[in-house]
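All of the numbers you see were taken from the coordinates with simple rules; none came from a lab. These numbers come from a predicted model, not from an experiment. Virtual Cβ from ideal backbone geometry, glycine too; neighbours counted across all protein chains shown.
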Amino acid sequence: MTEEAISSGSTAPIPIPIPSEDYFRPSSIATSSSPSSSSNAYVTQAFPFSSGNPRIEETRGVMHLFLDDAASSSSNLPVGRKPLICVLGVPNHMTYADFCQFCGSFIHHILEMRVVRSDGMENRYSILVTFDDQNSTDGFHKHFNGRRFSSLEAESCRALFTVDVQYTRSIEHAQTSPASKEEPSCPVCLERLDQDMSGILTTMCNHSFHCSCISKWTDSSCPVCRYCQQQPEKSKCLICQTSENVWICLICGFVACGRYKEGHAIEHWKETQHCYSLELETQRVWDYVGDNYVHRLIQSKTDGKLVELNHHEHTNADCTCGSEPGFREALLQSRVESIVNEYNELLTTQLEDQKLYFESLLLEYEEQHERDISAAVKDSLKQNTKLQKIQAKLDKGLKEKKFLDEINENLTRNKEIWEGIILKTQERYG
């Protein structure tokens, strides 16, 4: 474990104060030396924070913030502020994508966002946001300070101007392998991380991404190491109540400590013959009968990635497993057979699942096709019925027209006859 002071303001380590009821002692910063400077005095407060995966490396520091909750207009904003804002008390259920969506149009003015844990704030985290200019910073503060994260929740955004951020120490919990320093790149798109081209978001486990890339990740865990910002409560041994080196039985769920504590997990195996147990810290499964781990991939403590586990490491000088003739060959053959059987069973299961899935899709398609055909037949019958009614009306109208034409023709003939009779009568008596 190493400690080093990383301070932006000085080279000496800055001691982290212990939280009290007032959390930290506030101090006033006056913006003017005139008699009216008391009205323009702003109170600052120091908040300790930490970041990083506690199992790999943890970075601690202190951020000094302006407590200007009473400021309601641009004239009341603190003088000497920087384009740096800290959003305090973001609920843990808000993912990185949710916060990027909450920022809205201001996301294009953000150069960097760093997610940190605030000491004393359970189930919440804070975000240090760096903007491209002061106007964007003031606009973000004016628009989001005091605004609810969601209309369905009571939590509101508390955006405070940041005076300074100082990193006090970095604690390494695992020996990191030496590697050449390369240009940082986004693990999602593999493009170079450049603030001028796109905003950068650094997760709580100190992995950096483009904001546009991480905004598509809807989970609360890190895409690289799967470290989740919503940490579950620590489990304890049901016998001795210790929270270190805790294992859980995969058969009955009994929680007990490992052999490096009181050994209650081994005692549970001897009593119940439940041979599979999961280590809660590393998520690795141990087989007490085979005295080995049952899988070949584990999470590396160096960088958090999945690596291959060497099951049989000869760390004990008294190990004589290879002294018997043919033992190594038999062991290798048994491992090959177990791997073949495992993958055959896995492939069979997956193929059966795929078969059921595609059969359900075909059945659903056939049912939908039959429904479409029946609907089309009904529509055609309805259209046919309408056409028949219209044809009947048309035939009836043609018959009525023919009848009226015949009546009109007869009336015209009668008119001519009567006109002739009238002329003859007039000539006779005229």
Inset, instruction - Give the whole-number value, in cubic angstrom per residue, of the convex hull volume spanned by the C-alpha atoms of region 81-122. - result: 88 Å³
Legend entry - Pairs of alpha carbons in region 104-164 whose separation is greater than 17 Å (percent): 45 percent
Legend entry - Spin-label model distance (nm) - Gln354 vs Glu155, 7 Å beyond Cα toward Cβ: 4.1 nm
